[in-house]
Amino acid sequence: MFAHAFDDIGIPKDGFGVHTFKWLTRDGKETFIKYHWKSKQGVKSFMDGEAQAICGTDNVVKSIDAAVNAEKYPLSRESVCGIRQKTRIPKENNFAQPGELYRSWNSERRERFAMRIVDNFLLQPRVTPELQRIWIDFWSQADEELGAKLMEKVNAIAGGETVVLSSP
């Protein structure tokens with residue numbers, strides 16, 4: 001889910017359930033369920049510049065809310081319809097999924113993704129060098145190339161303390 005927030009499909013996107021529910025089958029077996037919102041119209045995404053032109057750059061939540069209230073969005077509220085889908089969640093390697101997603105993109109999309117993580121997350125004033133190391137380490141577990149790219153960009157842009165990963 002975090003990978004989608006910084007990807008090209010992040011503005012707007014189909015809805016992803018944040019909560020996982022534990023259901024019990026009739027015979028008492030545990031099953032984990034997550035709900036997703038799937039648009040019937042398909043996904044139309046905005047690139048960063050398009051989103052900024054529509055919503056502005058001040059506060060994303062306030063800007064999007066104002067745009068929706070002013071009906072400055074591609075589809076009217078009345079025409080938006082979707083379905084809820086129940087999805088079975090197998091036990092998973094949490095780092096494999098974002099790594100596979102990242103590797104499926106072309107090089108330009110990978111570059112935009114990395115820059116969004118660096119600009120909009122890793123170099124924010126409240127993100128300490130320790131948190132930078134932790135997050136870059138997580139992304140390195142998803143994809144070593146992505147982790148190295150993030151570390152290189154943070155070190156080049158920040159110019160201060162060099163980020164060193166805690167694990168090889």
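Tabulated data
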read-out	value
In Hz, Karplus ³J(HN,Hα) per residue of the stretch 101-112 (6.51, -1.76, 1.60; θ = phi - 60°; x = Gly, Pro)	4, 4, 5, 7, 8, 6, 4, 5, 5, 4, 5, 4
Peptides ranked, highest mean first, by Cβ atoms within 10 Å: ranges 22-31, 137-146, 115-124	137-146, 115-124, 22-31
For Tyr35, distant residues with modelled amide H under 5 Å away	Gly17
Length added when fully stretched, Asn69-Leu101, from 0.36 nm per residue minus Cα-Cα	8.2 nm
Length gained when the stretch Tyr35-Glu111 is fully extended (0.36 nm per residue, less Cα-Cα span)	24.3 nm
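Read the figures in this text as sums done on the coordinates, not as results from a lab. Everything quoted here is computed from the prediction, not taken from an experiment. No Cβ is skipped: glycine too gets one built from the backbone with ideal geometry, and neighbour counts run over all protein chains shown.
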